[in-house]
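Down below is the structure, laid out as structure tokens.
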Amino acid sequence: MAGENILIVEDDTDILELIKYNLLKERYRVEGVVTGEMALRNAAKMSFDLCLLDIMLPGMDGLEVCRLMKKDPRTAPIPIIMVTAKGEEADIVTGLEMGAEDYIVKPFSPKVLIAKVRTVFRRKATPEVTSGRPINVYELTIHPGRREVAIGGKFVDLTFTEFQLLYHLANKPGWVFTRYQIVNAINGEDYAVTDRAVDVQIVNLRKKLGDYGKFIETVRGIGYRFSDRADAEL
């Protein structure tokens, strides 16, 4: 049964009311605000399970709101779905890079909105990677049951998508996956994403893994793989 708290950040009142109407029909609890500043204040003092965040806002834009929410320990755990207009690939990529879980492209259908919201809550309730063998590569440990990644005993803070991506590749070292195979395996076939967004997730993951980032290899013209070769040794 629904009932999760959702914060909507949207300055277009018509769109805000449309989103609220469709979420209320699904028995979610919703609160709408029209500026980024209001979003930050409310998110910090109230308990929300999800934030639908418009990018084009007066004053502080949605990208800055996303960055600040993910920086604040009080709001960092809140999943964020970015809302953007068509063709703004750079903004979509930046949002994903800052830790957003997904995005909705304007104009959107209510069915797409509800499907994406349900997907986020399904991930929280039953993450896709909850079982399987831990993977150890030298000092790198990937534990799917605990959803933890550590290097030399020091935990690495990964987003949901980054963890899914790393485990998917490392679970089959040497196998080459196309970008769309990666997207489908991690998020489902209906997940709308660009090749560029997948590349950004890979770049971010490599940075967080430090020296171990080189184990994620680019296969030109195809996609990516987790190396199983001896020359990838540290």
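The values are calculated or read from the model by the stated rules, or taken from the named source; none is laboratory data. Just so you know, these numbers come straight off a predicted model, no measurement behind them. A quick note on method: Cβ atoms are made from the backbone with ideal geometry, for glycine too, and the neighbour counts reach across all protein chains shown. Just so you know, the surface numbers come from the protein's heavy atoms only, side chains and all, with ligands and any DNA or RNA stripped out. Shrake-Rupley method; radii C 1.70, N 1.55, O 1.52, S 1.80 Å.
Numerical summary
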{"read-out": "Output for region 133-171, where each listed residue is of a type in the set (A, V, I, L, M) and over 23 Å from residue 50 (Cβ atoms)", "value": "135, 137, 140, 142, 149, 150, 151, 156, 166, 169, 170"}
{"read-out": "Matching residues in region 95-117 - criterion: being open to solvent by 10 Å² or more (accessible area, probe 1.4 Å), in a helix (DSSP H, G or I) and farther than 18 Å from residue 183 by Cβ", "value": "110, 111, 114"}
{"read-out": "Residue that is surrounded by the fewest Cβ atoms within 10 Å (Cβ to Cβ) [pool: residues in region 134-147 that are closer than 25 Å to residue 100 by Cβ and modelled with pLDDT of 90 or more]", "value": "143"}
{"read-out": "Residues of region 155-179 satisfying the condition of being of a type outside the set (A, V, I, L, M) and either at pLDDT 95 or above or in a loop (DSSP other than H, G, I, E, B) (or both)", "value": "157, 159, 171, 172, 173, 174, 175"}
{"read-out": "Hits in region 205-223 (condition: open to solvent by 10 Å² or more (accessible area, probe 1.4 Å) and outside any helix (DSSP H, G or I))", "value": "217, 218, 219, 220, 221, 222"}
{"read-out": "Pairs with Cβ under 8 Å, 6+ apart, first in region 176-194 and more than 20 Å from residue 227 (Cβ to Cβ), second at pLDDT 70 or above and of a type in the set (Lys, Arg)", "value": "none"}
{"read-out": "Counted residues, region 149-162 - those being under 27 Å from residue 95 (Cβ atoms), open to solvent by 50 Å² or more (accessible area, probe 1.4 Å) and over 16 Å from the mean Cα position of the chain (by Cα)", "value": "1"}
